[in-house]
Amino acid sequence: MLTLYGLKPEDWGYRQKAIAEISRATGLSPNSIKGWGKNFDTDSTYVLKLLDYADMANELALFVNKYNNLLPKIDVIDTIDAVDNNPEHEE
């Protein structure tokens, strides 16, 4: 929430934005999430796993965006052609 919106838990509007983001990440309705309580406590293991996966995806996206200029540029088509035309490559 801090990265996306610059909001901390004590800021006005944090809860509504958090509900919207949890809904987007899990596919749950905002009304279901509102029932979790003030600190978004839930016993649903699958929801916590989904949120963990969403967090990992966000972290990976931040990393790739930050270091994109350092990653080698790979042309996927050229790579596929090179493998297909390599006589040593056996399927």
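Could you list, in sequence order, all residues of segment 43-91 that are touching a helix residue (DSSP H, G or I) at 6+ places or on another chain (Cβ under 8 Å) and modelled with pLDDT under 85?
L71, H89
Filter segment 12-31 for residues that are open to solvent by 60 Å² or more (accessible area, probe 1.4 Å) and among the polar types (S, T, N, Q); which is nearest to the chain's Cα centre (by Cα)?
Out of the qualifying residues, it is Q16.
Name the residue that is nearest to the chain's Cα centre (by Cα), counting only residues in segment 32-56 that are acidic (D, E) and outside any loop (DSSP other than H, G, I, E, B).
So the first thing to find is which residues in segment 32-56 are acidic (D, E), and the list is 41, 43, 52, 55.
With outside any loop (DSSP other than H, G, I, E, B) added as a condition, the list becomes 52, 55.
Details: D52: 9, D55: 5 Å.
Top of the filtered list is D55.
If the Cβ limit is 9 Å and pairs must be 6+ apart or interchain, which residue in segment 51-66 that is of a type in the set (D, E, K, R) pairs with which residue that is assigned to a helix (DSSP H, G or I) and open to solvent by less than 90 Å² (accessible area, probe 1.4 Å)?
Note: pairs meeting the criteria are D55/A25.
Taking K8 and the conditions (1) of a type in the set (D, E, K, R); (2) part of a loop (DSSP other than H, G, I, E, B); (3) surrounded by fewer than 13 Cβ atoms within 10 Å (Cβ to Cβ); (4) out of contact with any helix residue (DSSP H, G or I) (no Cβ under 7 Å at 6 or more places or on another chain), which numbered condition does it fall short on, given that it satisfies the others?
All conditions pass for K8, except number (4).
The values are calculated or read from the model by the stated rules, or taken from the named source; none is laboratory data. It should be emphasised that the depicted structure is a prediction, and the values quoted were computed from it without experimental measurement. Virtual Cβ from ideal backbone geometry, glycine too; neighbours counted across all protein chains shown. Accessible surface is based on the protein model in full, side chains and every heavy atom, while ligands, DNA and RNA are left aside. Shrake-Rupley method; radii C 1.70, N 1.55, O 1.52, S 1.80 Å.
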